[in-house]
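The values are calculated or read from the model by the stated rules, or taken from the named source; none is laboratory data. Owing to the predicted nature of the structure, the values given are computational and were not obtained by experimental measurement. Here the Cβ positions follow ideal geometry from the backbone for every residue, glycine too, while neighbour counts run over all protein chains shown.
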Amino acid sequence: MSRKPILPGSTIGILGGGQLGRMLAIAGRNMGYRFVTLDPTEDAPCGQVADEQIVAAYHDASAARLLAKKSDVITYEFENVDATVADMLMVESYVPQGSKLLYTTQHRIREKRAIEAAGVKVAPYREISTVQQLEEAVELFGTPCVLKTATGGYDGKGQWVIRSEAEIPEAFDTLNRSGAELVLEKFVRFNKELSVIAARSPSGEVRVFPPAENIHIDNILHLSIVPARISREIMEQAERMASRIVSSMKAVGLLAIELFLTEDGELFVNELAPRPHNSGHYTMEACTVSQFEQHIRAICNLPLAEPKLLSPVVMVNILGEHVEPLLQWFAADGEAELRQLGIAARIHLYGKKEAKHKRKMGHINLLTDDVEKALAWVDQSPIWK
């Protein structure tokens, strides 16, 4: 039986105090909710806009209990939540996303099986426990192929692209430290990388955002293009796949589905993220509802909004090395050039104190009637040189 809606005026606890939590809290404040966040870093991005921040380690059970005591509902902004804390919160508070979704998406092999159970294709893979198994799987798939740790890893970490059989021993030894479970994936020669953000409420209502076309640099998302430069048929297929997965897994809240599109028009799911996603930031200005408001609606069992695209958009990430050029451009009214091109820039900075190299510090949404024009501007802009 579905729970009653958790109405505005209630307090939402967020496990994690990074930029995703920050943007959740900003969206939720507009709806009338209050927020408490738990994060080990003082004055974390989410803590700057929440009503309260509990400064403690994520595995600190007493701190998690305090978060539960202060909250009517708890959500998380990252997947690698300590399993013990997640189980405790499930018993002692209300976490509508549940521990099963975390259990599945924290482990690449379990995740692949869940995707296949939904009737959706993933790239061919093999579980790897020994060097001999790796040698046999590499012979089967050919090179290049990708060896990954089953747990952990993001932005390209925890993986090794095997380009020759000579690399097999080193790749195995490097990733198998401390007995880590491994999985080998056949290399998918994709034409485009796509992602779809889907939302599901405890009552079973599902809504899907328009697919984004994603471009990565050094395994970090550089920009997202919406509408994706794909056919209507592929777009609708991607949306159906996302809807099927979020329904099959009985997910609550947001589920981001990353996909590969091959030259011959096949779609394979690469991985899932049970939370707001970097490639969904375009929704903040370009859609009738943002991914962050939709997530709050979902975990609070409110009616989900119908996400419609209001404007073509290019979302561009601001990494640590881009902050100073961005600020100089902003101060010098660089937006004047964009206005002449008919492009509106919406800048979001996350309040992180230290602009480390390759660290995500913010993003810009470029609202435009012509994504190619926006992409050309990004390519020549001094900000991303």
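For R189, state whether it is modelled with pLDDT under 95 and either surrounded by fewer than 24 Cβ atoms within 10 Å (Cβ to Cβ) or over 29 Å from R359 (Cβ atoms) (or both).
So R189 fits the description; yes.
Suppose we keep only residues that are over 24 Å from N278 (Cβ atoms) and free of Cβ contacts under 8 Å to residues at least 60 places away in the same chain within segment 1-35. Which one would you say is farthest from the chain's Cα centre (by Cα)?
The selected residue is M1.
Kindly indicate which of E306, E321 is in contact with a Ser or Thr (Cβ under 8 Å, 6 or more places away or on another chain), surrounded by fewer than 19 Cβ atoms within 10 Å (Cβ to Cβ), among the charged types (D, E, K, R) and over 17 Å from S279 (Cα atoms).
E306 is the lone residue from the list that is in contact with a Ser or Thr (Cβ under 8 Å, 6 or more places away or on another chain), surrounded by fewer than 19 Cβ atoms within 10 Å (Cβ to Cβ), among the charged types (D, E, K, R) and over 17 Å from S279 (Cα atoms).
May I ask you to say which residue of A298, A305, A273 is out of contact with any strand residue (DSSP E or B) (no Cβ under 6 Å at 6 or more places or on another chain) and either within 30 Å of E185 (Cβ to Cβ) or touching a residue at least 40 places away in the same chain (Cβ under 8 Å) (or both)?
Unique residue meeting the criteria: A305.
Quickly run through segment 10-33 and pick out the residues that are in a strand (DSSP E or B) and farther than 16 Å from A298 by Cα.
L15 - this is the single residue of segment 10-33 that is in a strand (DSSP E or B) and farther than 16 Å from A298 by Cα.
Kindly provide the set of residues from segment 321-337 that are of a type outside the set (D, E), out of contact with any Phe, Trp or Tyr (no Cβ under 7 Å at 6 or more places or on another chain), part of a helix (DSSP H, G or I) and closer than 21 Å to E285 by Cβ, ordered by number.
V323, L326, L327, W329, F330, A336
Can you pull out the residues in segment 359-385 that are loosely packed, with under 15 Cβ neighbours inside 10 Å and either in contact (Cβ under 8 Å) with a residue 40 or more places away in the chain or under 25 Å from the mean Cα position of the chain (by Cα) (or both)?
Once the filter is applied, which keeps residues that are loosely packed, with under 15 Cβ neighbours inside 10 Å and either in contact (Cβ under 8 Å) with a residue 40 or more places away in the chain or under 25 Å from the mean Cα position of the chain (by Cα) (or both), segment 359-385 yields D369, D370, E372, D379, P382, K385.
What about I109, is it outside any helix (DSSP H, G or I), hydrophobic (A, V, I, L, M, F, W, C) and at negative phi?
No; evaluated as a whole, the condition is false for this residue.
Condition (residue is surrounded by 12 or more Cβ atoms within 10 Å (Cβ to Cβ), within 19 Å of G21 (Cα to Cα) and among the polar types (S, T, N, Q)) applied to segment 324-342: is it met by at least one residue?
no
Name the residue that is farthest from L254 (Cα to Cα), counting only residues in segment 62-97 that are in contact with a Ser or Thr (Cβ under 7 Å, 6 or more places away or on another chain) and free of Cβ contacts under 8 Å to residues at least 40 places away in the same chain.
D87
Anything in segment 345-358 that is within 24 Å of R229 (Cα to Cα) and touching a residue at least 40 places away in the same chain (Cβ under 8 Å)? List them, or say none.
Correct list: R346 only.
Of these, V161, V183, V131, which one is under 30 Å from V85 (Cβ atoms) and not charged (D, E, K, R)?
V183
Between a residue in segment 105-118 that is under 11 Å from R244 (Cα atoms) and of a type outside the set (S, T, Y) and any residue that is modelled with pLDDT of 95 or more and in a helix (DSSP H, G or I), which pairs come within a Cβ distance under 7 Å, given they are 6 or more apart or on different chains?
From segment 105-118, the pairs are I115/I245; A117/S248; A118/R244; A118/I245; A118/S248.
Output yes when any residue across segment 240-253 is in contact with a strand residue (DSSP E or B) (Cβ under 7 Å, 6 or more places away or on another chain), on the phi > 0 side of the Ramachandran plot and crowded, with 21+ Cβ neighbours inside 10 Å, and no when none is.
Checked against the condition, which is being in contact with a strand residue (DSSP E or B) (Cβ under 7 Å, 6 or more places away or on another chain), on the phi > 0 side of the Ramachandran plot and crowded, with 21+ Cβ neighbours inside 10 Å, segment 240-253 yields at least one hit.
Among the residues of segment 201-213, count how many are in contact with a strand residue (DSSP E or B) (Cβ under 7 Å, 6 or more places away or on another chain) and part of a loop (DSSP other than H, G, I, E, B).
3
If we keep just the residues of segment 82-128 that are exposed (fewer than 14 other Cβ atoms within 10 Å of the Cβ) and aliphatic (A, V, I, L, M), which is modelled with the lowest pLDDT?
So, considering only residues that are exposed (fewer than 14 other Cβ atoms within 10 Å of the Cβ) and aliphatic (A, V, I, L, M), the one modelled with the lowest pLDDT is A83.
Just the residues that are aliphatic (A, V, I, L, M), in a helix (DSSP H, G or I) and in contact with a Lys or Arg (Cβ under 8 Å, 6 or more places away or on another chain), please, taken from segment 43-100.
Scanning segment 43-100 gives a single hit, M88.
Could you list, ordered by first residue, the pairs with Cβ atoms under 6 Å in which the first is in segment 181-197 and in contact (Cβ under 8 Å) with a residue 12 or more places away in the chain and the second is basic (K, R), at least 6 apart or interchain?
That search, which allows pairs on different chains as well, returns V183/R108; V183/K148; L184/R126.
Return the pair list, or none, for Cβ contacts closer than 9 Å from residues in segment 158-175 that are at positive phi to residues that are surrounded by 12 or more Cβ atoms within 10 Å (Cβ to Cβ) and part of a helix (DSSP H, G or I), at least 6 apart or on different chains.
Between residues of segment 158-175 that are at positive phi and residues that are surrounded by 12 or more Cβ atoms within 10 Å (Cβ to Cβ) and part of a helix (DSSP H, G or I), the close pairs are G158/L175.
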